[in-house]
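Here the structure comes first, spelled out in structure tokens, and everything after it is commentary.
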Amino acid sequence: MDQPLLEINDLTKIFGKGLDQQKSQVVALQHFSAEIAGTPAKIVTIAGESGSGKSTLANSILGFMKCTFGTIHFKGQDVSKFTKEEIFRYRREVQAVFQDPYSVYNPFYCVGHIFDIAFNNFHLASNDQDRRDLTEEALNLVGLKGEEVLSKYPHQLSGGQLQRLMIARAYMLKPSLIIADEPVSMIDVSLRAMILEIMVKLKKEYGISFIYITHDFSTAYQISDEMYLLYHGMTVEKGDTVKIINNPQHPYTKKLIASIPTIEEKWEGNIEISDTSVSAQSELLPPPLFTEVEPLHWAVLTESN
Amino acid sequence: MKSRVVDRNSSKSEIAEKECRKKTFKSSPWKNPKLIIGATVLCVLVFCTLIGQFIWDKTLVNVGSSPLNLPPVGFEYRKQIGTWAHPLGTDNSGRDLLTLILVGLPHSLGIGFVAASIGLVIGILFGFSAGYLGGRVDDVIRLLSDTTMNIPALLILIIVQSVIPNADFFVMALLLSLFAWQSPTRVLRAQILSMKHSDYVKLAQLSGASDNEIMFKEIMPNLLPFLIAQLTAGTSYSVLVLVGVEVLGLGSQSKPSLGITLNNAINSSAILRGMWWWWGIPTIILIVVFMSLLLISVGLDEVSNPRLRNQ
């Protein structure tokens, strides 16, 4: 009965290059395990720097990428063994909001096209009136009006408007999970709060869970319930967001949290830029050993602790 | 009260939807002035020459069929006055210039168009396989197109022409197509590479679209103007190379063409003798052809790239 919505087990993705697979391989994501209950809906943050495997994870969950090993189960079913119809059903349940709102829209069509293809393929409405009502309802939720935006071309709208349209589209499909891959990183700071509020509202009022992928700890702290911290494709700390940020254990987490600029303090600019964070991980390491630091907070402890 | 508000909203969004459809399908992208002017000029020119084939006496293209050195209508040259029998004048071997253009222009344009079409078909095949398959196939195709692209077409054609002196229509078109496939290959490969992983293709997948739908509804509309632009640019390039070869006195001498007419005019010192119509009129026709082809390419570029359009 209590089947989790999404269950990820030991997910690993290794990119190989050329014939010599051994030497030039890049381990993008390793031994990632997570569980998203679905009820009650939660916002789960996947945090980490660029190249830490966040987007690889998102692409694997959405089915755009085959992982090297590990499994993803959706409501108890293995995603990689889905038939065509099951993939189609899975698409309705798991939607996404991408990072770059400018590239998600086909430049050939007005922005209303993203609603049209969803309507046509998922047969959401029986007639034009239903279509308009559903679209209007979704748009009103994100504070937009159909007659103002739908007939515009993507390049005529702002990034914030485009991103809100994306969320409206995802909401209209009434999914159980939305993967938000850095949804606010390319948006004006003044509009970020609005997008994040919409996400929280969708979670609270409509029971939609989110996987919120970000490198920004402050927004994660604001909205998310749980958090997984990735470092070189490896999970180093996981658990309750507030507990992790208030009591970071892994040296990498500490460093990341220390590097958040705050408005009260003058920036001193004495952050070390280490070489190790730039080079890509090329070896597959054994699965991480988590220690329970406090209830709902696990971390991989290193010698320095 | 409440129902009225709802009504007004829905009628507004109805209007918005209609506006959107109008913009997409009727007016905005394809109603580009450059594209329309270019296409109109080219169509008028081609249409006139095709009609002229039927109403004008084509035997006037033969040497000695007309009086020698006759100027166009309304001009006088060495006590000869232009007549309506030869409205654009004649050359020094008694060939009617209007007939030369009527027969020569479709010939030159035809060779250019066929060469560009062959080039485009090869380009689509190579570009799609390079873009989709990637890996080794991509490496080979890219190496091939990049290296052959830098070989000057004129040089190769001059050498080949000395071996095959009287190349006919299709041989010539095939020879020219050897230099017309690289550009479409590169352009299509790049486009497909960037579109294959684009977010809007991902979004269409998330919206449950099939592969066919993604190819034809998402990628193709964005690629179509590129294809036509490549075709016109290829035609323009092939005609340019063809005329260049002919002006040098190479190419098939059995069929009249604009390049051969120019070659004759140069060889007979038409400029020194003041016979401006002999070299001037074919040159003007060529300029008009190249300009209209250029306008079509530029116009199509604006169609395919909305940011170039006037807001």
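Could you put B:30, B:84, B:278 in order, starting from the residue whose Cβ has the fewest other Cβ atoms within 10 Å? Provide the component values of the computation, followed by the final result.
Values: B:30 13, B:84 6, B:278 28.
Listing B:30, B:84, B:278 from fewest to most nearby Cβ atoms yields B:84, B:30, B:278.
What FRET efficiency do you get for residue A:128 and residue A:148 if R0 is 22 Å and r is their Cβ-Cβ distance, rounded to the nearest 0.05?
Numbers: r = 19 Å, r/R0 = 0.88.
Efficiency at R0 = 22 Å is approximately 0.70.
Tell me, A:176, A:282 in order of fewest to most beta-carbon neighbours within 10 Å? If you can, show how the numbers build up before the last one.
On the way: A:176 20, A:282 13.
The most exposed by this proxy come first: A:282, A:176.
Quick check on segment A:6-299: of the DSSP beta bridges with both residues there, what percent are antiparallel, nearest 5%? Can you show the working numbers first?
Working: 26 of 45 bridges.
Of those bridges, close to 60 percent are antiparallel.
The three principal axes of the Cα atoms in segment A:113-196 give end-to-end lengths of 39, 29, 19 Å, sorted in falling order. For a straight C-alpha distance cut-off of 19 angstrom, the aspartates and glutamates reachable from residue B:31 (same-chain residues fewer than eight places away being disregarded) are B:19, B:301, B:302.
Taking amide hydrogens as placed 1.01 Å from N in the peptide plane, the amide H of residue A:234 sits under 5 Å from those of A:30, each at least 5 positions away in sequence or on another chain. Over chain A, Cα pairs under 8 Å with separation of 6+ residues give a relative contact order of 24 percent. Amide hydrogen proximity for residue A:210: with H placed 1.01 Å from N in the peptide plane, the residues at 5 or more positions away or on another chain lying under 5 Å are A:42, A:43, A:44, A:178. Taking other C-beta atoms within 10 angstrom as a stand-in for reagent exposure, B:48, A:67 fall in the order B:48, A:67, fewest first. Where a ≥ b ≥ c are the square roots of the eigenvalues of the C-alpha gyration tensor, would you call chain B rounded, which needs a/c under 1.5, or, failing that, prolate if a/b is larger than b/c, or oblate? Oblate, because a/c is 1.5 or more while a/b does not exceed b/c. Sequentially through segment A:220-225, phi angles give Karplus couplings (6.51, -1.76, 1.60; θ = phi - 60°) of 4, 4, 4, 10, 8, 9 Hz, Gly and Pro residues having no value and appearing as x. Label sites at residue B:149 and residue A:78, each approximated as a point 7 angstrom past Cα along Cα to Cβ, lie 4.5 nm apart.
The string of couplings for segment A:145-162 from the Karplus curve (6.51, -1.76, 1.60, θ = phi - 60°) is 10, x, 5, 8, 10, 4, 8, 8, 8, x, 6, 8, 10, 7, x, x, 5, 4 Hz, one whole number per residue in order, with x for Gly and Pro.
Across all Cα atoms of segment A:46-109, the radius of gyration (one decimal) and Dmax (whole number) stand at 13.9, 40 Å. Estimated purely from DSSP H runs of n ≥ 4, each contributing -39500 (n - 2.57), the mean residue ellipticity at 222 nm for chain A is -9500 deg cm²/dmol once divided by its residues.
Working note: Cα atoms of chain A, range along each principal axis, descending, whole Å: 64, 51, 44. If you take the Cα centroid of segment A:190-243 and the Cα centroid of segment A:84-152, the two points sit 24 Å apart.
When both bridge partners sit in the protein assembly as shown, DSSP labels roughly 60% of those beta bridges antiparallel. The 3J(HN,Hα) values that the Karplus relation (6.51, -1.76, 1.60; θ = phi - 60°) gives for segment A:178-189 are, in residue order, 10, 8, 9, 8, 6, x, 10, 6, 10, 10, 3, 3 Hz. Gly and Pro appear as x.
Per residue of peptide B:208-216, the mean number of Cβ atoms on other chains within 10 Å of the residue Cβ is 3.
Read-outs throughout are calculated quantities, based only on the coordinates presented, and are distinct from any laboratory measurement. Because the structure is a prediction, the values reported are computed rather than measured. Heads up, the Cβs are rebuilt from the backbone with ideal geometry, glycines too, and the neighbour counts pull from every protein chain shown.
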